[in-house]
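Quick notes on the structure that follows.
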Amino acid sequence: MNIVKENVDELNAVLKVKVTPDDYRSKVDTAIKEATKKAAMPGFRPGKVPTGLVKKMYGKSILVDEINKVLNDNIHKYISENKLEILGNPMPKPEADKSIDWDNQQEFEFLFDLGLAPQIKVELSGKDKVPYYTIRVDETQVDKYVDDISKRYGKIVPQDVSEANDMLFGDLVELDANNEILAGGIFRSSSLFLERYNNNEAAKPLIGLKKDDKVVVDVAKLTDNIADRAAMLGIDKDVAEKVTSKFQFTVKNISRLQPSELTEELFEKVYGKDQVKTVDEFRTRIKDELVRLYANESERKFYTDAVEAVKKKVTVKLPDEFLKRWLVAANDKPVTYEQVSAEYDRYADTLKWQLIENKIIKDNEIKVSVDEATEHVRKLIREQYKRYNMKDIEESELENSVKRILANEEESKRIFEQLYGNKVMELFKTKFSLDKKEISFDDFSKL
């Protein structure tokens, strides 16, 4: 088999592949013999169909299959041996095989388009500044976290009169323009969480109500979230978007969330037995958790900013037309060229970063070993057990879980990608100048 690569430009090439009978004849003969053993036709015992008849009926399809296998094996071998860096997979030239006469030809020439990976140069310099935000943990944040936990472990208590943060359960009935019940209109038993509507004028009539009270509610003004409105009225979102009617709401019951008191009973539910004894210890534990949580957020934000800084420095060109064709062909579901083109910019941006990251990893000889991945998974499992206040996992069960996770191809790939990403981030910290800034959580959230 003769394979020649001809460059079209720096990002595209064509493979010319010449196939002779010596490349495929023995494989075709073997495949026909195997087909003969399995062939079943009227008038012949199984496995006794004449080879000539099998060849006449199936010879062309066998020839095509075997030549495709030979092509596939040799092209990938050629790419590997010549260390070609390609994107996607080789694509047959459009219309190229329509001139082939499978009945009479013995020698064939096939043409394949290649998308070549661009040559990339990445320079990480201390001249480049990247912001690194440290999020300040203040008592206000601790107070909020304590309040959230006490509500999470609180209990629902029936009430006689509704207040701003209560939950009302009752019947919503659609009204006409005269505020009379609309015949055939929307009827729905629903819950209204008044806390969601704080500072909303439309919610004021819902405060100060007692059981069996009736009040007119403007649902469209109560919430501009179409999904919430649809759920409240039990209708589709497209219908909810067009609702302008007012509704009569009849109160059936009123409930209020009573936060849990800050006692050892709550501390044990949250952190386990004998872990926290006092309110001060509880607040300290929460503050430590917030410090760790915010540190992770700071790292994530730094990595995002560093990636953007690198992407601005590095120009990456792609064989766009080739990749669009390849995406159409490689997609699991039928898609058109137009559909791929509409989404292509997002795909190209992701691919460009993958190529840049791979170059950084290669240039800096970054490696992640199986032992590192194994220890990382062990740590994740132990942390999960600790988070849910479960007793320590048995060593044998731990090792079995680790092996099962790493044996899963998708899980293993995700873990290795995460670890490579972590090492790239640590490299950024040494290569860039960090513009360190302390910032409040609210200001950080705005970023």
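Scanning segment 407-447 for residues that are free of Cβ contacts under 8 Å to residues at least 40 places away in the same chain and more than 17 Å from E297 (Cα to Cα) gives A407, N408, E409, E410, E411, S412, K413, R414, E417, T430. Residues of segment 174-195 that are loosely packed, with under 14 Cβ neighbours inside 10 Å and either touching a Phe, Trp or Tyr at 6+ places or on another chain (Cβ under 8 Å) or of a type in the set (D, E) (or both): D176, E180, S189, S191, E195. Residues in segment 397-421 that are more than 18 Å from the chain's Cα centre (by Cα) and either surrounded by fewer than 11 Cβ atoms within 10 Å (Cβ to Cβ) or under 16 Å from Q354 (Cβ atoms) (or both): E397, A407. Filtering segment 182-206 to residues that are free of Cβ contacts under 8 Å to residues at least 40 places away in the same chain and in a loop (DSSP other than H, G, I, E, B) leaves A183, G184, N198, N199, N200. Among residues of segment 20-33 that are closer than 14 Å to E109 by Cα, those with a Cβ under 7 angstrom from a residue that is part of a loop (DSSP other than H, G, I, E, B), sequence gap 6+ or separate chain, pair up as T20/E107; P21/Q106; D23/M1.
The residues on offer are L84, L114, L124, and the sole one that is farther than 30 Å from K429 by Cβ, under 47 Å from the mean Cα position of the chain (by Cα), at pLDDT 90 or above and crowded, with 17+ Cβ neighbours inside 10 Å is L114. Within the option set Y78, Y58, being in a helix (DSSP H, G or I), aromatic (F, W, Y) and touching a residue at least 60 places away in the same chain (Cβ under 8 Å) holds for one residue only, Y78.
Residues are listed down the side, and each one gets a yes or a no for (1) out of contact with any Lys or Arg (no Cβ under 8 Å at 6 or more places or on another chain); (2) under 26 Å from T315 (Cα atoms); (3) at pLDDT 95 or above:
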| position | (1), (2), (3) |
| --- | --- |
| A348 | yes, yes, yes |
| E357 | yes, yes, yes |
| I360 | yes, yes, yes |
| I366 | no, yes, yes |
| K379 | yes, no, no |
| R382 | yes, no, no |
| E397 | yes, no, no |
| N400 | yes, no, no |
| K423 | yes, yes, yes |
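Does E265 fit the bill of being loosely packed, with under 13 Cβ neighbours inside 10 Å, more than 30 Å from F428 (Cβ to Cβ), out of contact with any Phe, Trp or Tyr (no Cβ under 6 Å at 6 or more places or on another chain) and not assigned by TED's automatic domain parsing to the domain that holds K211? So E265 passes the test.
The values are calculated or read from the model by the stated rules, or taken from the named source; none is laboratory data. Note that the structure is a prediction, hence the values are computed from the model and not measured. All Cβ positions, glycine included, derive from the backbone under ideal geometry; neighbour counts span all protein chains shown.
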